Structure formats: structure tokens, C-alpha cells
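Here is the structure we will look at.
The values are calculated or read from the model by the stated rules, or taken from the named source; none is laboratory data. Since the model is a prediction, treat every value here as computed from it, not as a measurement. Cβ placement follows ideal geometry from the backbone for every residue including glycine, while neighbour counts extend to all protein chains displayed.
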Amino acid sequence: MTESPSARLLAMFHEAEIHFESVDDAWQRSEHLYPLLGWLMASFPDESAFRTCAEWLRVCASRVEGSEPAATLFAQARTGSPRQAHISAGGLVDLRNECILARKPAAAAFADAANHLCEVWAAVTTHEEDAETEPWGRANAAATAMVTAWLYQQGLEEEDKAARKLARVELTQLLREARAAVRPDEA
């Protein structure tokens, strides 16, 4: 039997010598984006997990110029047939590439982050999970890409460790707010 998303989340924090009493406690106090995003992605196909990710992308898109199309494409992954998620994921790759060619690095990194989320959603909803769509690994990649988008938007260097830490904290707070908007009973 595989480990539950909640057990894995708490174990990850415990291994890092960060102790939370529960998943709710982690959601309330953590400043670490990747584990919380991983917990959401590992909870797919839960609709509220998807809606939380979609809301987070929507809110982040309002702060990263040119990223609204990526947030919209991700949100469309839940509409229509289950194959729509694969169509959205492919569209996000195309959008990322278009943004790279247009020299819009923040929007490109944002589309990359959204694609990681969408690839996991697509795999889970069509029962095509594999090593490439493992939620925790893809969550780490999505978090890294979103931090990069956040820094590029602000004109900061992506190698700036202090700026990356601050971006992770800010993005974690937005993720927490998105979860509260979608699941007010659990905020």
C-alpha cells in the first residue's frame, strides 16, 4: 500500500526536523511551497485539490504579466472529457514555447509550472500515471518554475537565494489563501 499524501507530507517535514501536529497545522504555519503543493497534487483527482491549484494559478497570474492564458488553460483541464486535461497540458507546452520565443521569461516559467500541475491531473484522471507524472516530483518542479516566474516578473536574478526564499514564502501564502477560498472549512 502506498503512503497517503498526508502521511508523506508530515514525514517530509519531520525528516527536515520541522514538526507539525497535523496536515492542517502544516497548512497554517508552513513557509515551504513544495510540500504543500505536493500534497495537493498527490490528492488528485480530488476536485477541491484541483480547484485550489486553479485558484492559486489564477491569483498568481494576476501578478505575473502575460500568464493569464496559462492559468486559463489549466482551469480548462477539468472541463469536458477526461482527455481535455491532456489537450490543456499540450497547450501549456506550446504556450511556454511561444513565451520563450517572445522573450517573456516570467510567462514562460509560469506556463511551465502550470504544465507540471496539468500533466499530473491528466495522468491521474485518465489512469495513466507513470514515473514522469509522479506528483511529488512534479510538484517540486512546479514550485521551482513558479518561484522563477515570480523572480523574473520582479526583475530579480533566479540565482538570488534570499529572493528565492522570499518568493517561496509569498507563493506559499497565496497557495494557503487559495485553499481557504476553495475549502473555507479547512482553512
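Confirm whether E65 is of a type in the set (D, E), closer than 30 Å to G155 by Cα and surrounded by fewer than 17 Cβ atoms within 10 Å (Cβ to Cβ). If you could, list the steps in order and put the result at the bottom.
Working: of a type in the set (D, E): yes; closer than 30 Å to G155 by Cα: yes; surrounded by fewer than 17 Cβ atoms within 10 Å (Cβ to Cβ): yes.
Considered against the rule, which asks whether it is of a type in the set (D, E), closer than 30 Å to G155 by Cα and surrounded by fewer than 17 Cβ atoms within 10 Å (Cβ to Cβ), E65 comes out as yes.
Looking only at the range 55-77, count every residue that is of a type in the set (S, T, Y) and within 16 Å of R179 (Cβ to Cβ) and tell me the total. It would help to see each step written out before you state the result.
Narrowing the range 55-77 to residues of a type in the set (S, T, Y): 62, 67, 72.
Checking the rest, the ones that are also within 16 Å of R179 (Cβ to Cβ) come to none.
Total satisfying the criteria: 0.
On inspection, A114 qualifies as of a type in the set (G, A, S) and surrounded by 18 or more Cβ atoms within 10 Å (Cβ to Cβ). Every test in (1) polar (S, T, N, Q); (2) over 19 Å from T144 (Cβ atoms); (3) touching a helix residue (DSSP H, G or I) at 6+ places or on another chain (Cβ under 7 Å) is passed by S30 save one, and that test is (2).
Yes or no: E132 free of Cβ contacts under 8 Å to residues at least 40 places away in the same chain and surrounded by fewer than 19 Cβ atoms within 10 Å (Cβ to Cβ)?
Numbers: free of Cβ contacts under 8 Å to residues at least 40 places away in the same chain: yes; surrounded by fewer than 19 Cβ atoms within 10 Å (Cβ to Cβ): yes.
Judged against the criteria, E132 is a match.
For the range 1-12, which positions are surrounded by fewer than 18 Cβ atoms within 10 Å (Cβ to Cβ) and touching a Phe, Trp or Tyr at 6+ places or on another chain (Cβ under 9 Å)?
Step one: list which residues in the range 1-12 are surrounded by fewer than 18 Cβ atoms within 10 Å (Cβ to Cβ), which gives 1-4, 6-8, 11-12.
Across the range 1-12, the qualifying residues are S6, R8, M12.
When V124, V93, V147, V169 are checked against the criterion of being part of a helix (DSSP H, G or I) and touching a Ser or Thr at 6+ places or on another chain (Cβ under 8 Å), a single residue qualifies: V124.
Can you tell me which residues in the range 75-100 are in contact with a helix residue (DSSP H, G or I) (Cβ under 7 Å, 6 or more places away or on another chain) and farther than 12 Å from D112 by Cβ?
Step one: of the range 75-100, the residues in contact with a helix residue (DSSP H, G or I) (Cβ under 7 Å, 6 or more places away or on another chain) are 75-78, 82, 84-86, 88-89, 91-93, 95-96, 99-100.
A75, Q76, A77, R78, P82, Q84, A85, H86, S88, G91 - these are the residues of the range 75-100 that are in contact with a helix residue (DSSP H, G or I) (Cβ under 7 Å, 6 or more places away or on another chain) and farther than 12 Å from D112 by Cβ.
Is there a residue being of a type in the set (S, T, Y), in contact (Cβ under 8 Å) with a residue 12 or more places away in the chain, surrounded by 14 or more Cβ atoms within 10 Å (Cβ to Cβ) and closer than 19 Å to T72 by Cβ anywhere in the range 141-163? Scanning the range 141-163, I find no residue that is of a type in the set (S, T, Y), in contact (Cβ under 8 Å) with a residue 12 or more places away in the chain, surrounded by 14 or more Cβ atoms within 10 Å (Cβ to Cβ) and closer than 19 Å to T72 by Cβ, so the answer is no.
Among the residues of the range 19-36, at least one is among the aliphatic types (A, V, I, L, M) and in contact (Cβ under 8 Å) with a residue 24 or more places away in the chain.
Return the residues of the range 141-181 that are within 15 Å of S67 (Cβ to Cβ) and polar (S, T, N, Q); say none if nothing qualifies. T148, Q153, Q154, listed by residue number.
Screening the candidates T79, T52 for the property of being buried (at least 23 other Cβ atoms within 10 Å of the Cβ), out of contact with any Ser or Thr (no Cβ under 8 Å at 6 or more places or on another chain) and polar (S, T, N, Q) yields one hit, T52.
Of all residues in the range 27-84, those being modelled with pLDDT of 95 or more, within 15 Å of the chain's Cα centre (by Cα), part of a loop (DSSP other than H, G, I, E, B) and more than 15 Å from W121 (Cβ to Cβ) number 2.
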